[in-house]
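The structure under discussion appears below in the form of C-alpha coordinates.
The values are calculated or read from the model by the stated rules, or taken from the named source; none is laboratory data. All of these numbers come straight from a predicted model, not from anything done at the bench. Cβ placement follows ideal geometry from the backbone for every residue including glycine, while neighbour counts extend to all protein chains displayed.
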Amino acid sequence: MPLPKAELHLHIEGTLEPELAFELAARNGVRLPYADTEELRKAYLFDDLQSFLDLYYSLMAVLRTEDDFEALAEAYLVRAAAQGVRHAEIFFDPQAHTARGVPIGTVVEGLGRALDRSRERHGVSTALILCFLRDQSAESALETLDAARPHLDRIVGIGLDSAEVGHPPAKFREVYAVADSLGLRKVAHAGEEGPPSYITEALDVLGVERVDHGLRALEDPALVARLVRDRIPLTLCPLSNVRLRAVSELSAHPLRRMMDAGLLCTVNSDDPAYFGGYVGDNFDAVGEALGLSVEDLRVLARNSFLAAFLEGEEGVREGYLAEVAAYEFPTPPLP
Ligand SMILES: [Zn+2]
(Lines give C-alpha, C1' and ligand atoms only; values in the text may rest on other atoms or scores of the structure.)
Protein backbone atom coordinates (compact mmCIF):
# COMPACT_ATOMS: atom_id res chain seq x y z
CA MET A 1 0.00 0.00 0.00
CA PRO A 2 1.45 3.39 -0.98
CA LEU A 3 1.82 6.35 1.38
CA PRO A 4 -1.56 8.18 1.62
CA LYS A 5 -1.36 11.68 0.17
CA ALA A 6 -3.35 14.57 -1.30
CA GLU A 7 -2.59 15.93 -4.73
CA LEU A 8 -3.07 19.70 -4.92
CA HIS A 9 -1.37 20.68 -8.18
CA LEU A 10 -2.71 18.65 -11.06
CA HIS A 11 -4.01 19.91 -14.40
CA ILE A 12 -6.61 17.43 -15.62
CA GLU A 13 -5.76 18.26 -19.24
CA GLY A 14 -2.19 17.23 -18.41
CA THR A 15 -3.29 13.68 -17.61
CA LEU A 16 -4.19 12.86 -21.22
CA GLU A 17 -2.20 9.73 -22.06
CA PRO A 18 -1.53 8.85 -25.74
CA GLU A 19 -3.85 5.82 -25.62
CA LEU A 20 -6.81 7.88 -24.43
CA ALA A 21 -5.97 10.67 -26.88
CA PHE A 22 -6.26 8.19 -29.76
CA GLU A 23 -9.42 6.63 -28.36
CA LEU A 24 -11.14 10.02 -28.05
CA ALA A 25 -9.84 11.13 -31.45
CA ALA A 26 -11.44 8.06 -33.05
CA ARG A 27 -14.67 8.62 -31.14
CA ASN A 28 -14.87 12.25 -32.29
CA GLY A 29 -13.51 11.93 -35.81
CA VAL A 30 -10.47 14.10 -34.98
CA ARG A 31 -7.33 13.45 -37.04
CA LEU A 32 -4.15 13.48 -34.98
CA PRO A 33 -0.89 14.24 -36.80
CA TYR A 34 0.72 11.06 -35.38
CA ALA A 35 0.67 7.57 -36.87
CA ASP A 36 0.07 5.79 -33.56
CA THR A 37 0.42 6.00 -29.79
CA GLU A 38 4.11 5.16 -30.06
CA GLU A 39 4.80 8.15 -32.28
CA LEU A 40 2.69 10.39 -30.05
CA ARG A 41 4.54 9.17 -26.97
CA LYS A 42 7.78 10.25 -28.64
CA ALA A 43 6.30 13.73 -29.14
CA TYR A 44 5.83 13.83 -25.33
CA LEU A 45 9.62 13.93 -25.04
CA PHE A 46 9.76 17.69 -25.73
CA ASP A 47 12.51 19.65 -24.10
CA ASP A 48 11.19 23.15 -23.60
CA LEU A 49 8.11 25.00 -22.40
CA GLN A 50 6.91 26.15 -25.82
CA SER A 51 6.99 22.70 -27.44
CA PHE A 52 5.16 21.33 -24.39
CA LEU A 53 2.47 24.02 -24.60
CA ASP A 54 2.06 23.52 -28.38
CA LEU A 55 1.46 19.80 -27.95
CA TYR A 56 -0.67 20.30 -24.83
CA TYR A 57 -3.10 22.69 -26.50
CA SER A 58 -3.24 20.86 -29.85
CA LEU A 59 -4.13 17.52 -28.21
CA MET A 60 -7.05 19.11 -26.37
CA ALA A 61 -8.89 18.98 -29.74
CA VAL A 62 -9.90 15.41 -28.87
CA LEU A 63 -11.88 16.57 -25.80
CA ARG A 64 -15.37 17.46 -27.04
CA THR A 65 -18.20 15.97 -25.01
CA GLU A 66 -19.14 15.39 -21.37
CA ASP A 67 -18.27 11.72 -21.95
CA ASP A 68 -14.74 12.73 -23.00
CA PHE A 69 -14.13 14.83 -19.89
CA GLU A 70 -15.61 12.08 -17.74
CA ALA A 71 -13.22 9.54 -19.31
CA LEU A 72 -10.27 11.89 -18.76
CA ALA A 73 -11.06 12.38 -15.06
CA GLU A 74 -11.83 8.69 -14.53
CA ALA A 75 -8.47 7.66 -16.02
CA TYR A 76 -6.66 10.09 -13.72
CA LEU A 77 -8.49 8.90 -10.62
CA VAL A 78 -7.62 5.26 -11.34
CA ARG A 79 -3.91 6.12 -11.59
CA ALA A 80 -3.96 8.52 -8.65
CA ALA A 81 -5.68 6.02 -6.35
CA ALA A 82 -3.07 3.39 -7.28
CA GLN A 83 -0.36 5.81 -6.11
CA GLY A 84 -1.94 6.49 -2.73
CA VAL A 85 -3.91 9.66 -3.50
CA ARG A 86 -6.81 9.97 -1.03
CA HIS A 87 -7.79 13.54 -1.92
CA ALA A 88 -7.30 15.41 -5.21
CA GLU A 89 -7.83 19.10 -5.96
CA ILE A 90 -8.00 19.18 -9.73
CA PHE A 91 -7.24 22.18 -11.94
CA PHE A 92 -9.02 22.69 -15.24
CA ASP A 93 -8.57 25.38 -17.92
CA PRO A 94 -12.01 26.40 -19.24
CA GLN A 95 -10.61 28.96 -21.67
CA ALA A 96 -8.66 26.25 -23.51
CA HIS A 97 -12.00 24.59 -24.22
CA THR A 98 -14.40 27.49 -24.71
CA ALA A 99 -11.94 28.88 -27.30
CA ARG A 100 -12.59 25.67 -29.29
CA GLY A 101 -16.36 26.00 -28.95
CA VAL A 102 -16.75 23.58 -26.03
CA PRO A 103 -18.99 25.20 -23.40
CA ILE A 104 -17.75 25.39 -19.82
CA GLY A 105 -20.82 23.40 -18.70
CA THR A 106 -19.68 20.43 -20.82
CA VAL A 107 -16.27 20.52 -19.13
CA VAL A 108 -17.50 20.90 -15.56
CA GLU A 109 -20.40 18.48 -15.77
CA GLY A 110 -18.31 15.86 -17.58
CA LEU A 111 -15.50 16.03 -15.03
CA GLY A 112 -18.12 16.17 -12.29
CA ARG A 113 -19.62 12.81 -13.29
CA ALA A 114 -16.33 11.05 -12.58
CA LEU A 115 -15.69 13.10 -9.44
CA ASP A 116 -19.14 12.38 -8.00
CA ARG A 117 -18.48 8.66 -7.72
CA SER A 118 -14.76 8.93 -6.96
CA ARG A 119 -14.97 8.54 -3.20
CA GLU A 120 -17.06 5.41 -3.52
CA ARG A 121 -15.25 3.87 -6.48
CA HIS A 122 -11.63 4.93 -5.81
CA GLY A 123 -11.58 6.08 -2.19
CA VAL A 124 -10.49 9.55 -3.37
CA SER A 125 -12.27 12.73 -2.29
CA THR A 126 -12.06 15.52 -4.86
CA ALA A 127 -12.49 19.23 -5.55
CA LEU A 128 -12.31 21.29 -8.74
CA ILE A 129 -10.27 24.48 -9.14
CA LEU A 130 -10.99 26.70 -12.14
CA CYS A 131 -7.78 28.14 -13.59
CA PHE A 132 -7.46 31.22 -15.76
CA LEU A 133 -4.88 31.28 -18.55
CA ARG A 134 -2.66 34.19 -17.52
CA ASP A 135 -1.48 34.88 -21.08
CA GLN A 136 -5.07 35.81 -21.92
CA SER A 137 -6.72 39.06 -20.92
CA ALA A 138 -8.18 40.04 -17.55
CA GLU A 139 -11.51 40.58 -19.35
CA SER A 140 -11.46 37.01 -20.63
CA ALA A 141 -10.87 35.77 -17.08
CA LEU A 142 -13.85 37.80 -15.84
CA GLU A 143 -16.06 36.42 -18.63
CA THR A 144 -14.93 32.90 -17.77
CA LEU A 145 -15.80 33.32 -14.11
CA ASP A 146 -19.18 34.72 -15.14
CA ALA A 147 -19.83 31.72 -17.40
CA ALA A 148 -18.90 29.43 -14.49
CA ARG A 149 -21.54 30.89 -12.15
CA PRO A 150 -24.21 28.20 -12.82
CA HIS A 151 -21.60 25.53 -11.92
CA LEU A 152 -20.09 27.02 -8.78
CA ASP A 153 -21.54 24.25 -6.60
CA ARG A 154 -18.90 22.03 -8.23
CA ILE A 155 -15.98 24.48 -7.93
CA VAL A 156 -14.03 25.10 -4.73
CA GLY A 157 -11.65 27.80 -5.95
CA ILE A 158 -9.75 29.58 -8.68
CA GLY A 159 -6.16 29.48 -9.89
CA LEU A 160 -3.87 31.04 -12.46
CA ASP A 161 -1.67 29.06 -14.87
CA SER A 162 0.09 28.92 -18.27
CA ALA A 163 3.03 31.09 -19.35
CA GLU A 164 4.05 33.13 -16.30
CA VAL A 165 6.69 35.65 -17.33
CA GLY A 166 5.23 38.96 -18.47
CA HIS A 167 1.85 38.20 -16.90
CA PRO A 168 2.17 39.29 -13.27
CA PRO A 169 -0.53 38.38 -10.75
CA ALA A 170 -1.78 41.98 -10.44
CA LYS A 171 -3.23 41.72 -13.95
CA PHE A 172 -5.96 39.54 -12.37
CA ARG A 173 -6.73 41.68 -9.32
CA GLU A 174 -10.35 42.23 -10.29
CA VAL A 175 -11.31 38.62 -11.07
CA TYR A 176 -9.77 37.47 -7.77
CA ALA A 177 -11.80 40.09 -5.92
CA VAL A 178 -14.99 38.87 -7.60
CA ALA A 179 -14.11 35.23 -6.84
CA ASP A 180 -13.48 36.20 -3.22
CA SER A 181 -16.94 37.77 -3.00
CA LEU A 182 -18.37 34.49 -4.30
CA GLY A 183 -16.70 32.57 -1.48
CA LEU A 184 -14.17 30.81 -3.72
CA ARG A 185 -10.73 29.74 -2.47
CA LYS A 186 -7.71 31.31 -4.15
CA VAL A 187 -4.43 29.87 -5.43
CA ALA A 188 -2.07 30.91 -8.25
CA HIS A 189 1.04 29.66 -10.02
CA ALA A 190 3.86 31.99 -9.04
CA GLY A 191 7.64 31.79 -8.91
CA GLU A 192 7.95 28.83 -11.30
CA GLU A 193 9.85 30.77 -13.96
CA GLY A 194 8.68 34.21 -12.80
CA PRO A 195 10.57 36.19 -10.13
CA PRO A 196 9.95 35.98 -6.35
CA SER A 197 8.15 39.34 -6.58
CA TYR A 198 5.33 37.51 -8.39
CA ILE A 199 4.87 35.36 -5.29
CA THR A 200 4.69 38.44 -3.07
CA GLU A 201 2.24 40.04 -5.49
CA ALA A 202 0.04 36.92 -5.57
CA LEU A 203 -0.16 37.07 -1.76
CA ASP A 204 -0.66 40.84 -1.45
CA VAL A 205 -2.80 41.65 -4.47
CA LEU A 206 -4.69 38.41 -5.15
CA GLY A 207 -4.86 37.16 -1.56
CA VAL A 208 -3.86 33.61 -2.49
CA GLU A 209 -3.93 31.00 0.27
CA ARG A 210 -1.54 28.61 -1.44
CA VAL A 211 1.23 29.18 -3.98
CA ASP A 212 1.59 26.78 -6.91
CA HIS A 213 5.29 26.03 -7.47
CA GLY A 214 6.84 28.96 -5.54
CA LEU A 215 10.17 27.46 -6.52
CA ARG A 216 11.98 30.79 -6.68
CA ALA A 217 10.91 31.92 -3.19
CA LEU A 218 14.36 30.92 -1.91
CA GLU A 219 15.88 33.88 -3.76
CA ASP A 220 14.17 36.28 -1.32
CA PRO A 221 14.89 35.60 2.39
CA ALA A 222 12.22 38.07 3.58
CA LEU A 223 9.65 36.26 1.44
CA VAL A 224 10.74 32.89 2.83
CA ALA A 225 10.35 34.24 6.37
CA ARG A 226 6.85 35.44 5.55
CA LEU A 227 5.80 32.14 3.92
CA VAL A 228 7.10 30.25 6.95
CA ARG A 229 5.45 32.60 9.47
CA ASP A 230 2.07 32.53 7.70
CA ARG A 231 2.24 28.78 6.96
CA ILE A 232 1.54 29.38 3.24
CA PRO A 233 1.70 26.02 1.46
CA LEU A 234 3.74 25.58 -1.72
CA THR A 235 2.70 22.96 -4.28
CA LEU A 236 5.99 21.78 -5.78
CA CYS A 237 6.23 19.56 -8.85
CA PRO A 238 9.74 18.08 -9.06
CA LEU A 239 9.50 16.04 -12.31
CA SER A 240 7.81 18.98 -14.05
CA ASN A 241 10.64 21.29 -12.96
CA VAL A 242 13.20 18.99 -14.57
CA ARG A 243 11.27 18.52 -17.83
CA LEU A 244 10.62 22.26 -18.21
CA ARG A 245 14.19 23.08 -17.20
CA ALA A 246 13.35 25.08 -14.08
CA VAL A 247 16.04 22.93 -12.43
CA SER A 248 18.91 21.23 -14.28
CA GLU A 249 18.37 17.80 -12.71
CA LEU A 250 16.41 16.29 -9.88
CA SER A 251 19.40 16.13 -7.54
CA ALA A 252 19.60 19.95 -7.85
CA HIS A 253 15.96 20.41 -6.81
CA PRO A 254 15.57 22.85 -3.87
CA LEU A 255 12.86 20.79 -2.11
CA ARG A 256 15.23 19.66 0.64
CA ARG A 257 16.47 23.22 1.25
CA MET A 258 12.90 24.49 1.25
CA MET A 259 11.85 21.91 3.84
CA ASP A 260 14.90 22.75 5.94
CA ALA A 261 13.94 26.45 5.77
CA GLY A 262 10.63 25.54 7.41
CA LEU A 263 8.44 26.02 4.33
CA LEU A 264 5.22 24.03 4.11
CA CYS A 265 6.12 22.01 1.00
CA THR A 266 3.94 19.55 -0.87
CA VAL A 267 4.86 17.29 -3.80
CA ASN A 268 2.60 17.01 -6.84
CA SER A 269 2.63 15.92 -10.49
CA ASP A 270 1.45 19.03 -12.45
CA ASP A 271 0.91 17.42 -15.92
CA PRO A 272 1.80 13.78 -15.24
CA ALA A 273 1.17 12.34 -18.72
CA TYR A 274 3.71 14.80 -20.12
CA PHE A 275 6.28 15.06 -17.34
CA GLY A 276 7.14 11.43 -16.75
CA GLY A 277 5.19 10.47 -13.68
CA TYR A 278 2.19 10.70 -11.38
CA VAL A 279 2.39 11.95 -7.82
CA GLY A 280 3.71 8.73 -6.28
CA ASP A 281 6.40 8.68 -8.97
CA ASN A 282 7.32 12.25 -7.97
CA PHE A 283 7.62 11.19 -4.32
CA ASP A 284 9.82 8.22 -5.29
CA ALA A 285 12.02 10.14 -7.72
CA VAL A 286 12.66 13.21 -5.58
CA GLY A 287 13.02 11.09 -2.45
CA GLU A 288 15.75 9.07 -4.09
CA ALA A 289 17.50 12.01 -5.80
CA LEU A 290 17.63 14.07 -2.59
CA GLY A 291 18.11 11.19 -0.16
CA LEU A 292 14.91 11.95 1.77
CA SER A 293 14.16 9.71 4.74
CA VAL A 294 10.84 7.94 5.16
CA GLU A 295 10.01 10.49 7.87
CA ASP A 296 10.68 13.31 5.36
CA LEU A 297 8.22 11.62 3.01
CA ARG A 298 5.72 11.36 5.85
CA VAL A 299 6.09 15.12 6.49
CA LEU A 300 5.36 15.80 2.80
CA ALA A 301 2.27 13.59 2.90
CA ARG A 302 1.10 15.24 6.14
CA ASN A 303 1.65 18.69 4.59
CA SER A 304 -0.50 17.76 1.60
CA PHE A 305 -3.50 17.19 3.87
CA LEU A 306 -2.76 20.27 6.00
CA ALA A 307 -2.71 22.36 2.80
CA ALA A 308 -5.88 20.86 1.30
CA PHE A 309 -9.18 22.73 1.15
CA LEU A 310 -10.97 20.27 3.41
CA GLU A 311 -12.67 22.75 5.75
CA GLY A 312 -16.16 21.84 4.51
CA GLU A 313 -16.36 18.42 6.07
CA GLU A 314 -15.81 17.79 9.72
CA GLY A 315 -13.20 15.20 10.61
CA VAL A 316 -12.09 14.38 7.06
CA ARG A 317 -8.71 16.10 7.31
CA GLU A 318 -8.11 14.55 10.74
CA GLY A 319 -8.93 11.13 9.30
CA TYR A 320 -6.39 11.51 6.52
CA LEU A 321 -3.74 12.84 8.92
CA ALA A 322 -4.29 9.81 11.13
CA GLU A 323 -3.78 7.54 8.10
CA VAL A 324 -0.46 9.26 7.36
CA ALA A 325 0.66 9.01 11.00
CA ALA A 326 -0.19 5.30 11.14
CA TYR A 327 1.36 4.43 7.77
CA GLU A 328 4.05 1.76 7.89
CA PHE A 329 6.66 2.06 5.17
CA PRO A 330 7.56 -1.24 3.55
CA THR A 331 10.88 -2.58 4.82
CA PRO A 332 13.46 -2.49 2.05
CA PRO A 333 14.75 -5.92 0.98
CA LEU A 334 18.10 -6.93 2.49
CA PRO A 335 20.99 -6.39 0.09
ZN1 LIG B 1 0.89 23.74 -12.98
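The figures follow:
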read-out	value
Single unsatisfied condition, VAL211 versus (1) away from the ligand (no atom under 16 Å from the Cβ); (2) without any contact (Cβ under 8 Å) to a residue 40 or more places away in the chain	(1)
Helices (runs of 4 or more DSSP H) enclosed by the stretch 50-159 - at least 1 residues per element that are over 20 Å from the mean Cα position of the chain (by Cα) and among the aliphatic types (A, V, I, L, M)	138-148
Count of the stretch 20-49 residues which are more than 22 Å from ASN241 (Cα to Cα), part of a helix (DSSP H, G or I) and among the charged types (D, E, K, R)	4
Enumeration of residues in the stretch 63-79 that are in contact with a Pro (Cβ under 9 Å, 6 or more places away or on another chain) and either away from the ligand (no atom under 16 Å from the Cβ) or among the aliphatic types (A, V, I, L, M) (or both)	ARG79
Odd one out for ALA25, checked against (1) within 24 Å of the chain's Cα centre (by Cα); (2) crowded, with 17+ Cβ neighbours inside 10 Å	(1)
Output for the stretch 35-58, where each listed residue is among the charged types (D, E, K, R) and either touching a Cys at 6+ places or on another chain (Cβ under 8 Å) or exposed (fewer than 12 other Cβ atoms within 10 Å of the Cβ) (or both)	ASP36, GLU38, LYS42, ASP47, ASP48
Leading residue by the ranking (nearest to PRO94 (Cα to Cα)) among those in the stretch 1-22 that are buried (at least 20 other Cβ atoms within 10 Å of the Cβ) and among the charged types (D, E, K, R)	GLU13
Cross-chain or 6+ apart pairs with Cβ under 7 Å, the stretch 181-195 first and away from the ligand (no atom under 16 Å from the Cβ) and at pLDDT 95 or above, then in a loop (DSSP other than H, G, I, E, B) and not hydrophobic (A, V, I, L, M, F, W, C)	ARG185/GLU209
Residue that is nearest to ASP271 (Cα to Cα), among those in the stretch 1-19 that are within 16 Å of the ligand (Cβ to nearest atom) and assigned to a helix (DSSP H, G or I)	GLY14
Test: residue in the stretch 263-284 that is in a helix (DSSP H, G or I) and over 19 Å from the mean Cα position of the chain (by Cα)	no
For GLY110: the one exception among (1) touching a Phe, Trp or Tyr at 6+ places or on another chain (Cβ under 7 Å); (2) surrounded by fewer than 17 Cβ atoms within 10 Å (Cβ to Cβ)	(2)
